[in-house]
Amino acid sequence: MIKSYNIIIAGAGGIASAVALMLAEWSDTKQNIFIGNRTLKKAQKIVKWVKNGTTKSCSIIAFHLPEEGVPNRMKNILIKGDILLDCLPGSMAPKLAKLAKDFHLHYANLTEYVAETNKIMELAKNADTGFILQTGLAPGYINVLGHYLFQNFCKDFKVKKVDKLELKVGALTDYAVEPYYYTFTWNPAGVATEYLKDTIVIRDFKKTVLPALSEKTTVIIDGVTYEDDLTSGGAADLPDLLEGKVRSLNYKTLRYPGHYSWVGQQIKSLKDSANLIKDLQKRMEESIPHVENDLVVLYAAVEGKDVNGVLRRRETVKKIKPKSVGKQKLRAIQLTTAAPLLQSAQQLLEIPKKGVVLQGQLETEQFLNGHFVKTVYGETLV
């Protein structure tokens, strides 16, 4: 960012800390950063961590963001703020979005939760500031990348429709062991949700809904075999945007072979549960360990016939590992989630918009070549 802004970050977890550090270290000018969390000590801990980790002069302040009410100190920060970056769990998103609207702030969030996103769309449709939704890794970056591939395929091969658009993302590790063939590399709060809630897809050029985990397939990427399956939320608004233009559109989550069979066994054993999402989450957290050294794998592909009837396919693969930012090392999931959020924030601040801005409305080349995104994801070529 080339100008100085008052940027408010809600949350004190791994993504919030990455957003603050990358903002401090990679901006062209010193930003005024405010970290809010319901536990003030956690926000203060991030402030100290960022100050110790950045190589640049840093203005960063912690404040208390309670679950209810707006204390005077928080109100003063909101009044002078330019944008609110929501790094809290998706269930909190409508509340944070209302705060942004009430205090005339731009707003950007990360959640894949569909119901909460719909609430914010209704809330923000007449707002005088911009609300970019679902702008993390998936949903987020992967949707802009998929839209970019679709646009270029149609332009280069002189067509208006394609057969397939496939989007796949996995937050993984270099190793996986039985029986679950998976380890947690980020906050596990949303994993059971995406495994159990319905997913929006396109079939025969029409938007429709399918159960999560209902179309498991196998894909080989750079010689490594993965399994993938439908999960909720990751398609963002692409099914609405590309209905009638794509015969089949999927968002799937990548895992190592064996993981989805294990998940299926857990779901079957919990079939009488009164709260299946909560109980599956608990079962997974009791069984699956957390690790720090992670790997993010992305795969996007578009397939269709060119103007002469020749079947063609274009694919993009990215593998991202942890890297140092300033004097701290960030995990791959932190980098790949924080960078699109910051790129969206930059676009809202430098070219202000009003109302809801969805992933399909972003100018793809500008976003993919933005400083924060390009630094993490590298060049995007077709």
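The values are calculated or read from the model by the stated rules, or taken from the named source; none is laboratory data. Just so we're clear, the structure is a prediction, and the values are computed from it rather than from any experiment. Cβ atoms come from the backbone with ideal geometry, glycine included; neighbour counts cover every protein chain shown. Note: areas computed on protein heavy atoms with side chains; ligands, DNA, RNA excluded. Shrake-Rupley method; radii C 1.70, N 1.55, O 1.52, S 1.80 Å.
At-a-glance table
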{"quantity": "The range 222-239, residues that are touching a Leu at 6+ places or on another chain (Cβ under 8 Å), at pLDDT 95 or above and either among the aliphatic types (A, V, I, L, M) or open to solvent by 20 Å² or more (accessible area, probe 1.4 Å) (or both)", "calculated": "230, 238"}
{"quantity": "Within the range 66-86, tally of residues that are in contact with a strand residue (DSSP E or B) (Cβ under 6 Å, 6 or more places away or on another chain) and in contact (Cβ under 8 Å) with a residue 40 or more places away in the chain", "calculated": "8"}
{"quantity": "Residue in the range 147-167 that is closer than 29 Å to residue 198 by Cβ, more than 18 Å from the chain's Cα centre (by Cα), surrounded by 17 or more Cβ atoms within 10 Å (Cβ to Cβ) and at pLDDT below 95 present", "calculated": "no"}
{"quantity": "Residue among 280, 210 that is farther than 20 Å from residue 140 by Cβ, surrounded by fewer than 17 Cβ atoms within 10 Å (Cβ to Cβ) and in contact (Cβ under 8 Å) with a residue 12 or more places away in the chain", "calculated": "210"}
{"quantity": "Selection status of residue 201, at pLDDT 95 or above, open to solvent by 10 Å² or more (accessible area, probe 1.4 Å) and aliphatic (A, V, I, L, M)", "calculated": "no"}
{"quantity": "Members of the range 240-250 that are of a type outside the set (Lys, Arg) and either on the phi > 0 side of the Ramachandran plot or open to solvent by 10 Å² or more (accessible area, probe 1.4 Å) (or both)", "calculated": "240, 241, 243, 244, 248, 250"}
{"quantity": "Output for the range 201-245, where each listed residue is of a type in the set (D, E, K, R) and closer than 20 Å to residue 304 by Cα", "calculated": "203, 204, 206, 207, 240, 243, 245"}
{"quantity": "Selected residue (only one of 178, 227, 215, 194 is part of a strand (DSSP E or B) and in contact (Cβ under 8 Å) with a residue 12 or more places away in the chain)", "calculated": "227"}
{"quantity": "Residue check for residue 101: under 23 Å from residue 4 (Cβ atoms) and charged (D, E, K, R)", "calculated": "no"}
{"quantity": "Hey, residue 349 touching a residue at least 60 places away in the same chain (Cβ under 8 Å), touching a strand residue (DSSP E or B) at 6+ places or on another chain (Cβ under 7 Å), under 23 Å from residue 12 (Cβ atoms) and open to solvent by less than 10 Å² (accessible area, probe 1.4 Å) or not", "calculated": "no"}
{"quantity": "Count - residues of the range 24-73 that are out of contact with any Leu (no Cβ under 6 Å at 6 or more places or on another chain) and in a helix (DSSP H, G or I)", "calculated": "17"}
{"quantity": "Residues (among the hydroxyl-bearing types (Ser, Thr, Tyr), under 28 Å from residue 252 (Cβ atoms) and open to solvent by less than 10 Å² (accessible area, probe 1.4 Å)) located in the range 67-116", "calculated": "none"}
